[in-house]
Structure formats: C-alpha cells, structure tokens
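Take a look at the structure below.
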Amino acid sequence: MRIDIITVLPQLLESPFSHSILKRAIDKGLVEVNLINLRDYSTHKQKSVDDYPFGGGAGMVMSIEPISNCILSLKKEREYDEVIYTSPDGEVLNQRISNKLSSLNNLIILCGHYKGIDQRVRDHLITKEISIGDYVLSGGELAAAVICDSIIRIIPGAISDETSALTDSFQDGLLAPPVYTRPAEYNGWKVPEVLLSGHFAKIEDWRHEQSILNTKARRPDLLK
Ligand code: ADE
C-alpha cells in the first residue's frame, strides 16, 4: 500500500511515522508513506499556497493551483483508489471506513488548512472527505495521522500478534473487554478469577460477555 500525504507542514507528520507500529509497517515494506510539501508545487515566488477569499471575509483560502499541480503530477505516475481531504465537515471516521481504506493500494490524503480550500478542489479533485470527529483542529495533519494509524495497524503483518488487531474495540461492533496483567492482586484489588483459571473456553465466554456489558454501558448506540 502507498499513502501520499499532501501538506504544508511535512515536519509535523514526521514523528507519527517514525515510531512503533507505523514505523515497523514501513520498515517491513507493508506500506510506503510519502510526505509531500504542497509548497513545492506553488508557482509563486514566495511559494505561497493560499490567497484572500473572493467576496471578502476573514481568513485565507487554500488555492486550487498548487493542489491541482500536485495531485495531477502524482496521478501521472499511478492510479489512486481515493483522494481524501481531511475536513471537519467530512464523513466521521469509524472502523468500517478504516477497514475499507486499509484494503486499497494507493491513497492521497490532502491536509486542509487555513479557513478552507477552494471549493473547486473538493468538487473536482477529491473523492472522499473524512473528519475525525465533531471538533475543529488547527489543520488536517493530525487528522491525517489518525486516519493513517487506523489504516496501517490493520494491514496483515503490521501487528506481530495477528489476532490483536482483530480483537480491537469496534472490530466486531463491540468495545473490547477489560485486560489485566501481573500482579494478580494489588492493594487488595483482584484480577477476575476466570482469567487465572487457564480454561480458555471460559475465558473467551467471559471476554465476550464483558464486551457486551461494556458496550451496553458506554456505547449503547453500537448495539443498534
Ligand atoms: N481539520 C480540522 N478539523 C478536522 C477534523 N475534525 N477532522 C478532520 N480534519 C480536520
């Protein structure tokens, strides 16, 4: 899989891909992530990528020209399955969307910034708009990192314990059950007896029951 991220702040995105599961997935060749500086596609002397909004109003708007230049030059090299724009008014990310994106080959993620983006980019160049929640971030970079993390960690081989990604919260429409590790008792607080029993069928039943109880208590909307 290949993910090309178009951003005005490539440095902001270096760290998330330099550690832990994402770094390992890249090192193993499961995914290639390219940070593309939008300013490299600006034809202005000052490398500007934004301008004042037509009709007036506060804030700057990301211009169509550098974005179009960048996307078209990427598309000359390969076909893309989706050209994603990160925006608070996109479809809210969930596990179903991440699973689907994770199965694709080539993605572009355009990070939004400033007051917005020339609408013609959204109308003609973007195929999917994703929000990571109902709040506004300063820019789309952190949203792009969240989207990439959720996609990459479920690529087969990205997590060493293969079953681990499959037992995540949301993967079966339920929240995950509680987990414990040693010591079996701390401060008088005990680990549930069944987990120490070594009886795997009983442990699985208990975990499933806890998942349902957890989901009912915290996210009953998921059970509908
Ligand atoms: N850019 C600003 N806020 C955002 C959000 N909530 N999701 C995705 N991109 C954003």
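Just a few scattered comments:
- Cα-centred dipole magnitude for segment 169-223, charges only on beta-carbon of K, R (+1) and D, E (-1), debye, nearest 20: 160 debye
- Each residue, R219 and E82, gets one label point 7 Å from its Cα in the Cβ direction; the gap between the two is 1.7 nm.
- Taking segment 115-149 and a reference point 7 angstrom along Cα→Cβ of K75, the backbone N atoms nearer than 19 Å belong to 117-130.
- Cβ-derived FRET efficiency at R0 41 Å, R120 paired with D161, nearest 0.05: 0.35
- Using the rule -39500 (n - 2.57) for each DSSP H run of four or more residues, divided by the residues of the chain, the 222 nm mean residue ellipticity is -9500 deg cm²/dmol.
- For W206, W189, order by how many other beta-carbon atoms lie within 10 Å, fewest first: W189, W206
- Residues whose amide H falls under 5 Å from that of G116, counting only those 5 or more places apart or on a different chain, are M62, with hydrogens built in the peptide plane.
- Sites E91 and Y180, calculated FRET efficiency, Cβ-Cβ separation with R0 35 Å, nearest 0.05: 0.45
- Where labels lie 7 Å past Cα in the beta-carbon direction, separation of L142 and L9 in nm: 0.8 nm
- What separates the Cα centres of segment 146-224 and segment 23-98 is a distance of 35 Å.
- For segment 29-45, putting each phi into the Karplus relation 6.51 cos²θ - 1.76 cosθ + 1.60 with θ = phi - 60° gives couplings of x, 6, 8, 10, 10, 10, 9, 10, 7, 4, 4, 5, 10, 7, 9, 7, 4 Hz, in residue order, rounded to whole numbers and with x for Gly and Pro.
- On Cα atoms only, tilt of 200-218 relative to the major axis of the chain in degrees: 50 degrees
- Cross-link pairs K47/K76; K45/K115; K190/K216; K28/K202 - those with Cα-Cα distance over 28 Å: K28/K202
- For segment 82-90, backbone phi angles converted through the Karplus equation (6.51, -1.76, 1.60; θ = phi - 60°) give residue-by-residue couplings of 8, 10, 9, 10, 8, 7, x, 9, x Hz, Gly and Pro being listed as x.
- Taking amide H as placed 1.01 Å from N in the peptide plane, I109 has its amide H under 5 Å from the amide H of D4, I5, I6, I84, each at least 5 places away in sequence or on another chain.
- Scanning residues 5 or more positions from V33 or on other chains, those with amide H under 5 Å from its amide H are I3, with H placed 1.01 Å from N in the peptide plane.
The numbers here are math on the coordinates, done by the rules we state, and not lab data. All values reported here derive from a predicted model rather than from experimental measurement. Cβ coordinates were reconstructed from backbone atoms using ideal geometry, including for glycine residues, and neighbour counts include every protein chain displayed.
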